[in-house]
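Scroll down for the structure; my scribbles are underneath it.
The values are calculated or read from the model by the stated rules, or taken from the named source; none is laboratory data. What you see is a predicted model, and the numbers here were worked out from it, not measured in a lab. No Cβ is skipped: glycine too gets one built from the backbone with ideal geometry, and neighbour counts run over all protein chains shown.
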Amino acid sequence: MSPAPISNAPAGAQPKGLSRENRPVATPDRTLHMIGNAHLDPVWLWPWQEGYQEARATFWSAIQRMEEYPDFVFTCDQIVLLSWVEESDPELFERIRERVADGRWVNAGGWWVEPDCNMPMGESFVRQGLYGQRYLLSRFGAPATVGMNVDPFGHNAMLPQILRGQGMDSYMFLRPGGHESDFRQTLFWWEAPDGSRVLAYRIPFEYGSPPGSVDGQTEKSLQTLDPRLGDAMVFYGVGNHGGGPTKANIESIYRYDRMGSFGRMKMSSPREYFDEVLARGQEFLDGLDVRRDDLQHHAPGCYSAHSGIKAWQRRAQNAVLSAERWAAVIAVRDDVAYPRQELETAWKQILFNQFHDVLPGSAIETAYDDARDQLGEAVSIAKRLIVRAHNVIARQVDVPFEDGTQPVLVFNQHPWPVTTDVEIHYGSTAVGVHVVDADGNNVVHQSTQSQATTNQTSRGALVFRAELPAFGFRLYRLRPGPAPVVATDERLGALSVSETVIENDHVRIELDPATGWISSYLDKATGLDVLAGADGSTHTQVCEDPTDTWGHRVISYAWPGEAMELVRIKVRETGPLRSRVRIERKWGASTLAEELVLDADSTVLRVNVTLDWREQAHLLKLRFPTSLTDPTGTYEIPFGSIERPVDGAEEPGQSWIDLTGTIDGQPAGLTVITTNKHAYDVSPSEGGPSIGITAVRSPVYSWHDPRLLTEGDVYAFQDQGAQKFSYELVPHAGDLREADPTRRAALLEAPVRAMLESSHGGRLPAVHSFASDGGGAVRVTALKGSEDVADAPSTGGADLIVRAVESRGERTVARIELGVVDRVLEEEFGPHQLRTFRVPRDPAQPVVEVDLIERPLGDEAVGEAAGGAEPEAGTTEQVGPAPEPGAEARRSAGVTATGPEDAAEGDEPAPTVS
């Protein structure tokens, strides 16, 4: 007797020859797109060297599964993993190329790594896609069209615009989950402040699965899925340390598909799923909810964990942005080859260390030895390029000989005019020196403490006021002897300082001798005092912090703490230019020194901080209590800003945070600008609302609850030792735009550079600007050489790439002067809009608007100003527009850069150029 036919498949391997199309009629009417993937953390509880090997092992496993199962599809993100395999295993890489060509290996994400999506600068998110997408185009002929950041702990609100600018129309993420966020949707429109939209999909339950049957993964995914959605994606495959889909995973999908247990189950890709969603029609798409906010919160402790990586990252990002600006100048002016490879190496070190377990501080201790070295390489490359460029430029400046003097060139890398104090060390003389400009006019200056602590008299130090053109330089000169007697303070105003009062013609700042903190900050012009009556004892708050490295389940770190003990207040420096008062505190074995610096003509107080932290499982909040009522809180995010509630929540931010409200009915506010810190709160209290900065946390490295620390074991605690950072207090009359915090932050984080120079002739004048954005609402964020080699070798192999963003939420026309190529861009920008242009050095060649991976937009070049003839469209050879999978479905669904309902408004007028 022959055996009876099988009804429901047994556990284990799927019997051969069973039809998957003959499902029970009762099968749930939905299709589950089973997304095979292998989330691989290149660094986390292991060093990057281990991740390097695991990428190769995981990818071989995926290729082998394809050979065994003809319909198996594998989805890969994090382009760095592909690059590692390409350089270490050419045979495997060629197999991957073959599978990409037949559609079974799907590249998604398009970014170099899955980075932390809150703390990197806006330009870093652009570069994640610039290098990731261009890699995919050059190796596989097509970019990713679906964004994929499954594991980062939050996502800033500007990402939809960046994703659209990189050719991606959709986005997949996991965190925050529905239990830790204010929205529950699985599928929704995510809209950036400029109106750009992507279809966002929150992965239900998890991005990976155990190696056995997928029934548990599928059941838990369905439990967290929006039941109105119908068809959905379920992710499976062993992850974190790689691995990918297993035979048991795949066999169980076949089994449960045939049984109809969960619905139709198909091997699929994210692109296939999103295209099916888009094909449902406009009525369905219009019915989706729209999210106009960031996606938070998960693991708020990561905004402050490991101060070192956050400082190294910020330093490296600023250094490389400066280096590529100066390198572009000498490429298009002086025929110096644009150093693409060096800059790419530097950027990839930065991007790699923005990975979501490195920059957030959640990796093992030894990972930060590697991160420090890799980011140090990026900074070293940047410094070499900057010094070379400055010397190429300096030798062309006309510096007349003047006996006994020392010429000084000061370079400003920011594309707006800057007035700033410059410290310089020089070969000292017995009679001292004074500072003049190129015309011999005296420049206000004063002596400061030299970095050289020695009885040698060969080095001195001073600080002087430099007035610098936008992205350019100015020549100064040190002359021997004291300055002629002139009323130098009349130019800046009176300045007085003591241990309790710092005052100039603009503000009066009073220090409480009992607490060592500000009790009054009076703006003389407005009569507003944003710190009147503030309780200085809350400025430093030390709390025991037994939370894990991530800060899981933390909502706020704004708890009452113990104040550090005041040690002394000391006046360190005074003169016609600035005053400097040092406040020293201690708590336990830790010390805090804050040096308050006020210029004679400024309303802004800068504070330079040295913190020597020796506490374990503790945190320090720096708090700034105000006298404001009914305030709103605003935080800087990449390329923009966002309002958040005044509720004490621990929030991520870039370089500034603002509280704006009223004082006795009059609008007023306080902006706090920081370097290296990203963890903030705005908190209500009986004594007045306050701004908080989490200056330091010291959890155990890579400690994840619910694991408990075991008494008697030895643990390494983070942030032990000295660190430095700065912040500024910027009071204003109710409009934070008056404080111009983003530009102030850029100067605070990336000071101008002064260099000693010799005398020689030259064709450049003593003051010169290479580019300017005018300092208005539209800010140039990048000025670099093109990634594609320029046709004309006389331009150093590069055209100029210029990127700018509107920063005030206004529609405006910007004038961007590009003296380095003798051109002017006059552009209309929508609110919060980010635009990029390729500007050839040759004025006969047209300016072309490009996307964020530097592909031309549309078919027409930018028109010429003054009614000139329309030029022909520019072209690039290496990376051109590529057809996108599913493009026709997206067009029919009305998915545009500004979303379906705003498509017509998203068509910006063509910019003009003169």
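Odds and ends about this structure:
- Inter-residue pairs, beta-carbon under 7 Å, first more than 14 Å from Thr574 (Cβ to Cβ) and in the stretch 501-513, second hydrophobic (A, V, I, L, M, F, W, C) and not in a strand (DSSP E or B), 6+ apart: Asp505/Ala494; His506/Ala525; Leu511/Trp517
- Residue in the stretch 407-454 that is surrounded by the fewest Cβ atoms within 10 Å (Cβ to Cβ), counting only those that are among the polar types (S, T, N, Q), more than 22 Å from Val581 (Cβ to Cβ) and touching a residue at least 24 places away in the same chain (Cβ under 8 Å): Thr419
- Residue, surrounded by the most Cβ atoms within 10 Å (Cβ to Cβ), within the stretch 209-228, restricted to residues that are at pLDDT below 95 and under 33 Å from the mean Cα position of the chain (by Cα): Leu225
- Cβ-Cβ contacts under 7 Å between residues 6 or more apart (or on different chains), taken from a first residue in the stretch 846-859 that is within 15 Å of Ala804 (Cα to Cα) to a second residue that is among the small types (Gly, Ala, Ser) and surrounded by fewer than 19 Cβ atoms within 10 Å (Cβ to Cβ), are listed as Val848/Ala873.
- Residue that is in the same structural domain as Leu136 (by TED's automatic domain parsing) and assigned to a helix (DSSP H, G or I), where the choices are Val80, Val43, Val113: Val80
- Only a single criterion out of (1) modelled with pLDDT under 95; (2) of a type outside the set (D, E, K, R); (3) exposed (fewer than 13 other Cβ atoms within 10 Å of the Cβ) is not satisfied by Ala9, namely (3).
- Here the condition is being assigned by TED's automatic domain parsing to the domain that holds Arg623, in contact (Cβ under 8 Å) with a residue 24 or more places away in the chain and of a type in the set (Phe, Trp, Tyr); of Trp517, Trp559, it holds for Trp517 alone.
- Selection count, the stretch 325-380, where residues are modelled with pLDDT of 95 or more and outside any helix (DSSP H, G or I): 18
- Meets criteria (modelled with pLDDT of 95 or more, part of a strand (DSSP E or B), buried (at least 22 other Cβ atoms within 10 Å of the Cβ) and touching a Phe, Trp or Tyr at 6+ places or on another chain (Cβ under 7 Å)) for Val780: no
- The one condition from (1) touching a helix residue (DSSP H, G or I) at 6+ places or on another chain (Cβ under 9 Å); (2) crowded, with 20+ Cβ neighbours inside 10 Å; (3) not acidic (Asp, Glu) that Gly661 does not meet is (1).
- Count - residues of the stretch 101-122 that are among the aliphatic types (A, V, I, L, M), closer than 30 Å to Thr742 by Cα and surrounded by 23 or more Cβ atoms within 10 Å (Cβ to Cβ): 2
- Checklist (1) farther than 17 Å from His768 by Cα; (2) in a strand (DSSP E or B) applied to Thr419, failing item: (1)
- Members of the stretch 508-535 found to be surrounded by 21 or more Cβ atoms within 10 Å (Cβ to Cβ) and either among the β-branched types (Val, Ile, Thr) or under 23 Å from Lys586 (Cβ atoms) (or both), listed by number: Ile509, Leu511, Gly516, Trp517, Ile518, Val530, Ala534
- Arg139 being in a loop (DSSP other than H, G, I, E, B), basic (Lys, Arg), without any contact (Cβ under 8 Å) to a residue 60 or more places away in the chain and surrounded by fewer than 22 Cβ atoms within 10 Å (Cβ to Cβ): no
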